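> Starting off with a structure, shown below.
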Amino acid sequence: MTTPSSLEALIEALRCLPGVGPKSAQRMAYQLLQNDRPGARRLAEALQQALAAVRHCQRCNTFSETEICVRCLSTRRDASLLCVVETPVDMNMMEQTHAYSGLYYVLMGRVSPLDGIGPNELHLDRLLARCADGLVQEVIIATNYTNEGEATAHYLSEMLKARGVRVTRIARGVPVGGELEYVDAGTLAQALRERRALDA
């Protein structure tokens, strides 16, 4: 049986989602068309609306419906601290800690030569301009501890230090509530290297 071309196109389009292979995309397409046409319509409308309305904040580069996002406009944030993250999801995770009150810059990616992503593709000139605004006193690099995240952190650190910016990196180690017997050796070794003195 030949699959209709519009259905094939839908299946192929769904494959752009992370973790969705051919079989999953096919299941999703059939589910939407066979069992949930109103849901499919809502999905299509929401996607169209998001594509039309969502842009990048001119200051922090995250997603926003306005030129400057609400977080960047807030007078409650500490403008002297700038935390650099890879994605808006990473920024949301930082916010959930309730331990950071500064501002952000979202790279929307990371240095990954194998994927053809270098510093130029990340538009780091905007980050440099942000750090030269006279308000930023410290840049906290909070990229992931992957090979690409580490390469990005190193590149950013060298670039910013050369311009006299104070740069720090989030620490890594044993998770809160974690038991040593369940922590992998690499994480434990890093925690040992990044040990600190206990307050008296």
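The values are calculated or read from the model by the stated rules, or taken from the named source; none is laboratory data. Everything numeric here is computed off the predicted structure, so don't read it as measured data. Glycine also receives a Cβ, built like all others from the backbone with ideal geometry; neighbour counts cover every protein chain displayed. In case anyone asks, the SASA skips ligands and DNA or RNA and just uses the protein heavy atoms, side chains included. Shrake-Rupley method; radii C 1.70, N 1.55, O 1.52, S 1.80 Å.
> At a 1.4 Å probe, what is the % contribution of carbon and sulfur to the accessible area of segment 1-115?
On the way: 4330 of 7760 Å².
Roughly 56 percent, rounded to a whole number.
> Using a 1.4 Å probe, what is the accessible area per residue for the chain, in Å²?
Heavy-atom SASA per residue in the chain reads 68 Å².
> Would you mind telling me which residue in Ser24, Ser157, Ser80 has the biggest mean-square fluctuation in a Gaussian network model of the chain, where springs connect alpha carbons within a distance under 10 angstrom?
Ser24
> Classify segment 1-45 from the C-alpha gyration tensor, please: rounded if a/c falls under 1.5, else prolate or oblate depending on whether a/b exceeds b/c. Walk me through the numbers on the way to the answer.
On the way: a/c = 1.67, a/b = 1.13, b/c = 1.48.
Taking the square roots of the gyration eigenvalues as a ≥ b ≥ c, segment 1-45 is oblate.
> Same structure again: Carbon and sulfur atoms: what percent of the 1.4 Å accessible area of segment 141-199 do they account for?
About 52 percent, which is the carbon plus sulfur part of the accessible surface.
> Could you tell me which of rounded, prolate or oblate describes segment 1-120, using a ≥ b ≥ c as the square roots of the eigenvalues of the alpha-carbon gyration tensor, with rounded for a/c under 1.5 and, failing that, prolate when a/b is larger than b/c and oblate otherwise?
prolate
> In whole Å, how far is the Cα centre of segment 7-32 from that of segment 52-99?
31 Å
> For Ile117, what residues show an amide H to amide H distance below 5 Å, using hydrogens built from the backbone and excluding near sequence neighbours?
Close amide H contacts, sequence-distant or interchain: Ser112.
> Taking only C-alpha pairs under 8 Å that are 6+ residues apart, what is the relative contact order of the chain in percent?
12 percent
> What is the distance, in nm, between label points placed 7 Å from the Cα along the Cα-to-Cβ direction at Val54 and at Asp115?
Output for this residue pair reads 1.7 nm.
> Let me make sure I get this right: for segment 71-187, a, b and c are the square roots of the gyration tensor eigenvalues over alpha carbons, sorted descending. Under 1.5 in a/c it's rounded, otherwise prolate if a/b > b/c, else oblate. Which is it?
Values: a/c = 1.86, a/b = 1.23, b/c = 1.52.
Taking the square roots of the gyration eigenvalues as a ≥ b ≥ c, segment 71-187 is oblate.
> Run the numbers for His98 and Ala151: contour at 0.36 nm per residue of separation, minus the present Cα-Cα distance, in nm.
Separation in residues times 0.36 nm, less the Cα-Cα distance, equals 16.3 nm.
> Would you compute, from DSSP H runs of 4+ residues alone, the mean residue ellipticity of the chain at 222 nm, taking -39500 (n - 2.57) per run and dividing by the full residue count, rounded to the nearest 500?
Result for the chain, helices only: -13000 deg cm²/dmol.
> Which entry in (i) 65, 34, 33; (ii) 72, 47, 33; (iii) 46, 45, 31 is this structure's computed Cα extents along the principal axes in Å?
Only one listed value fits the structure, namely (ii).
> Next question, about the same structure. Taking R0 as 22 Å, what's the FRET efficiency between Ala185 and Glu158 from their Cβ-Cβ distance, rounded to 0.05? The partial results should precede the final answer.
Working: r = 29 Å, r/R0 = 1.32.
Efficiency for this residue pair is about 0.15.
> Please report the antiparallel percentage of DSSP beta bridges with both residues in the chain, rounded to the nearest 5. Display every interim value, and only then the final one.
Working: 3 of 16 bridges.
About 20 percent, rounded to the nearest 5.
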